[in-house]
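Scroll down for the structure; my scribbles are underneath it.
The values are calculated or read from the model by the stated rules, or taken from the named source; none is laboratory data. Keep in mind it's a predicted model, so treat the numbers as computed, not measured. When we count neighbours, we look across all protein chains shown, and the Cβ atoms used for this are built from the backbone with ideal geometry, even at glycine.
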Amino acid sequence: MTSTPVTPPAAPAASAPSAVAGWVGNPWARFLLRRAGRLLASLAVLVTLAFLMIHLIPGDPVRAALGVTAPPDLVEARREALGLNDPLAVQFVDYLRALFSGDLGVSMTSGVSVSETIGQRLPATAGLAVVAFVVVMLAAIPLGLAMAVLTRGGRRRGVELGFTSTSAVVAAIPEFLLAVGLVFVFGVTLGWFPVAGREGAASYVLPVLALALGPALLMARIVRVEALAVMDEDFVRTARAKRLPPLRVYLRHVFPNALTSTLTIGGLLLSGMIVGTVLVENVFAWPGMGMTIVSSILAKDYPVVQGIVLVYGAAVLLVNLVVDVLLAIADPRSTIREG
Amino acid sequence: MGRAQWRAALRNPVGAVAAGLLVLLAILAIVAPILWGDAAEATDPAALSQGSTSDHPLGTDALGRDIMFRVLVATRYSLGLALLATAICVVAGVILGVLPAVLGRRSGRLVVAAVNLAVAFPALLLALFFAVIFGVGARGAVLAIGLAGAPSFARLVQTNVAAVSGRDFVAAARVAGVGRFRLIVRHLLPNVGEPLVVNATVLAGGALLAFAGLSFLGLGVQPPAYDWGRLLGEGLDRIYINPSAALAPGVAVVIAGLAFTLLGEAIAQVVGIRTTRRILPRRSATPPADPADGASTATAPAPTEPAPDAVLAVEGLRVGFPGAGPDGWTYPVDGVDLTVRRGETVGIVGESGSGKSLTALSLARLAPERAVVTADRLDVVGLSLAGGDGDALGDEPPRDDPAVRKHLGTRLAMVFQDPMTSFNPSMRVGWQLAEVARVHEGQGRRAALARAIDRLRTVRVPAPQRRAHQYPHEYSGGMRQRAMVAMGLMSEPELIIADEPTTALDVTVQRQVLRLLREVQRETGAAVVLISHDIAVVAQLCQRIVVMYAGRVVEELPADRLDRAAHPYTRALLGSVPDLTTDRELPLATVPGRPPDPASRPAGCAFAPRCSFADDVCRADPRLATVAPDQRAACWHPRLDDQKQHGQEPHGQEPHGRQPHEEGVSRA
């Protein structure tokens, strides 16, 4: 990390005004307050870092962006336009003010507003990430549960070994290499799916597969291990003593109790997948934010990079918040809310 | 980690393969640039962007350079950069990780908070952020990947250091005035070394993949230099012309990345950071149906017709587990006969390990997955679950169709030992009860819930309407056990098997639950099998008592004849029950010795080693034999005198042994 001052995460929640003392006693209110405080603190740090990024670059970012051949008065004019000649504190206040009015600045190279660029690119990236996440969940949970049922009590050692080793190897291959392999097999050799661009449902198949395969297998492993642990619990024996059909035992009694860690891992995977889109988008020429951020970094178009980093970071923080709230709902003993 | 551990890691097949690959890569990294460095740079204008030819097995790139040589030569740069990034990551991570242990409380917390915040962001996002700051290029990418991985490594160091710094030797060093720096270098880091080495190895794999990613995006290595990621990016543009230009560097990255990761995992397994899989001993798939010593077991010689009004009739019940026995199996339950008539209350007592709970679970077909249950006869609530010659029941139950489930689910009820863990924590209690009626009787949600509330009221759960909508953790232990009984009452049970239903409860609550069981028995006419290690508890509730020892029934007698118990073991159990007349000056009586391990039971009477009447005759197996009307004992020297003459006054001598107001604290 940098030398930026960091607010302790719990600080805002600690100073709850006494007017709300009535519902401070409610564990849900306390939990949400504390969690919202942490989100705000994290967002504050994120915004500060995004702002400081342009100042941490060694040398003159404008000179770097425009090239060594640019006339000095043009550089000076651009510096003045970007406000880089003001004192740092003034710049920060201006930056925050602009941010709250939805203004993320203007691209140094194209002159297009950054928020407009993001508005155009965000849907493609979000669509990819959401579809991939849904695929992960739909594939991993049944697969993990089925593997747990098949290999319970040390049965079917071969199946277990095959599943664990295959999933370990595939999950260790990064998404962009999987993507290249998929392009080769399904695009070049078989010609089944388009390998570039975003046109129609078929164009989603390969990028989603590349993004989802590793996380799905990882998740299935977690689901299997958790479900196996739950199957040894006393209450599963109670469910069996009630002579419920096996499927009902697994779906109503085993799975909901394996949900906590599934959710935790799911959240981690989702935030990883959001950023994983950067690489996958570049393999498949997907017109999302990932393509934009890479070309902007290469072109030294710092305002665009700043804006996109903010969007990615905020998305990750939001996912973390949603996961925590879901965990608190899913856990009736409310250990998370208390803790 | 010691040399032996490294060697063990290499003996592991995965570790050996991974280490072999890494050695190969290291050799390539050293020799490839020397041997083929020039060939990889040589352009061939006659062969631009070609596919596979005899001159160029993997084709050429846009300038006519040989792909195969370029991939081989790139090994050095790719590995070198990845290791450099790993080194930065480890150094930064260790510094950030030990800072909280050295700094004051305030600034230490600040560092922890900063690390926690940074960990929330995926490493790639941090790497992109740093790549912007440090600029595009190999140097910037090394710094970016190193620093991006630092927070999670720092978190790891923090956790490990925090675990160590609480220990005595660190406190001693502090007291002795060891400086902070020295404390870290000499006392903290050496003791957290192992997990750090393992994770650094895995980290190197991750750094390699991340570096390939950055180079692939064009943010890493810049031309004319090249690494695998750069080659992959260039190859992808021409994947239709020459797929191998993209696939070859991709395969190289995957192999190298996996080699690091798998080596790390292999070391971790040897060091035992992750627990290794428990390995079961080899054994035959099923236990022999008829054991070698089967002829001499306590089993009755030939199956007899059970009483016509029996709700439970078991003969020759054996439960085997794969284990250390002579034939690769151990039998915690080894030939149990039991008959329970309609409306009867039968208690099964014995020390822990006598096989009584496993007997109960096997009767209900709830034995653990690994257990193999065999029986000559197993008739439960009018359903024959085994017959003839020792059918295996445990592995794949012969009949598990909805009809059997419905029959057992409605007529057989179970109450388990620990009410705290026997309810599904994520389901409301009322719904867990209602489930029975919904599944077996096809009732609607509302009707089933109404019945659940009614049954909760029956077992005197206060405010059942509200309680039905609560989760188990909102119930007290005794209330949960009553709810468990209510669950059994959802249908009309003919048999209730209660496995140590009071063991986990307070004494006062124990009494409530026992009273409830008795009322339920009276009102529904269901037979009750009560399993307990506490003979006093059993004597209060039951008409007949079955005493188990080492997986067999050693005595069976009416509760009102407990004072005339014939088996020395039964007498020992009774003797260990304190009551109001027990002399409090003396230590509590116990049964001396310990029950035998089921894997190595002595031949003959299993109680003989603890029995003061044992002699040579006891080396042969005793069978259950009638010693008095309704009383059978498996003993060569049954005690036929009245126990009162010994000054012992056991419980349960009143008619039917029911003494609701005289329950003492009692342990067997």
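With respect to the conditions (1) away from chain B (no Cβ under 13 Å); (2) at pLDDT 85 or above, residue A:198 falls short on a single one, namely (2).
When residue B:9 is tested against (1) in a helix (DSSP H, G or I); (2) without any contact (Cβ under 8 Å) to a residue 24 or more places away in the chain; (3) crowded, with 18+ Cβ neighbours inside 10 Å, just one condition goes unmet, and that condition is (2). Of note, residue A:148 does not satisfy the criterion of being more than 14 Å from chain B (Cβ to nearest Cβ) and either surrounded by 12 or more Cβ atoms within 10 Å (Cβ to Cβ) or closer than 30 Å to residue A:206 by Cα (or both).
The residue that is surrounded by the fewest Cβ atoms within 10 Å (Cβ to Cβ), among those in the stretch B:435-450 that are more than 9 Å from chain A (Cβ to nearest Cβ) and touching a residue at least 40 places away in the same chain (Cβ under 8 Å), is B:441.
Of all residues in the stretch B:459-507, those satisfying the criterion of being closer than 23 Å to residue B:537 by Cα, surrounded by fewer than 20 Cβ atoms within 10 Å (Cβ to Cβ) and hydroxyl-bearing (Ser, Thr, Tyr) are B:476, B:503.
Yes or no: the stretch B:107-124 includes at least one residue that is closer than 21 Å to residue B:254 by Cα, among the aliphatic types (A, V, I, L, M) and out of contact with any Phe, Trp or Tyr (no Cβ under 8 Å at 6 or more places or on another chain). Yes, that holds for at least one residue. Mind listing whichever residues of the stretch B:401-425 are facing chain A (nearest Cβ under 7 Å) and surrounded by 21 or more Cβ atoms within 10 Å (Cβ to Cβ)? Residues satisfying the conditions are B:408, B:409, B:414, B:416, B:422, B:423, B:424.
With respect to the stated conditions, residue B:505 fails to be touching a strand residue (DSSP E or B) at 6+ places or on another chain (Cβ under 7 Å), in contact (Cβ under 8 Å) with a residue 60 or more places away in the chain and in the same structural domain as residue B:452 (by TED's automatic domain parsing). Being closer than 25 Å to residue B:315 by Cβ, modelled with pLDDT of 85 or more, assigned to a helix (DSSP H, G or I) and within 34 Å of the chain's Cα centre (by Cα), is that true of even one residue in the stretch B:516-525? No, that holds for no residue.
Looking at the stretch B:103-115, which of the residues that are more than 8 Å from every other protein chain (Cβ to nearest Cβ) and either among the charged types (D, E, K, R) or crowded, with 18+ Cβ neighbours inside 10 Å (or both) is farthest from the chain's Cα centre (by Cα)? Spell out how you get there, then give the answer.
Here is the first cut: in the stretch B:103-115, the ones more than 8 Å from every other protein chain (Cβ to nearest Cβ) are B:103-108, B:111-112.
The next check asks that each one be either among the charged types (D, E, K, R) or crowded, with 18+ Cβ neighbours inside 10 Å (or both); those that pass are B:105-106, B:111-112.
Working: B:105: 39, B:106: 40, B:111: 37, B:112: 33 Å.
For the stretch B:103-115, the residue satisfying everything is B:106.
For the stretch B:116-131, a tally of residues being within 14 Å of residue A:50 (Cα to Cα) and either facing chain A (nearest Cβ under 7 Å) or not in a helix (DSSP H, G or I) (or both) returns 6. When residue B:58 is tested against (1) among the aliphatic types (A, V, I, L, M); (2) assigned to a helix (DSSP H, G or I); (3) touching a residue at least 24 places away in the same chain (Cβ under 8 Å), just one condition goes unmet, and that condition is (2).
Table: residues versus (1) away from chain A (no Cβ under 14 Å); (2) in a loop (DSSP other than H, G, I, E, B); (3) modelled with pLDDT of 80 or more; (4) out of contact with any helix residue (DSSP H, G or I) (no Cβ under 9 Å at 6 or more places or on another chain).
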| site | (1), (2), (3), (4) |
| --- | --- |
| B:187 | yes, no, no, no |
| B:192 | yes, no, no, no |
| B:200 | yes, no, yes, no |
| B:203 | no, no, yes, no |
| B:209 | no, no, yes, no |
| B:212 | no, no, yes, no |
| B:215 | no, no, yes, no |
| B:225 | yes, yes, yes, no |
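Scoring residue A:305 on the criteria (1) within 10 Å of chain B (Cβ to nearest Cβ); (2) under 27 Å from residue A:213 (Cα atoms); (3) crowded, with 20+ Cβ neighbours inside 10 Å leaves a single failure, condition (2).
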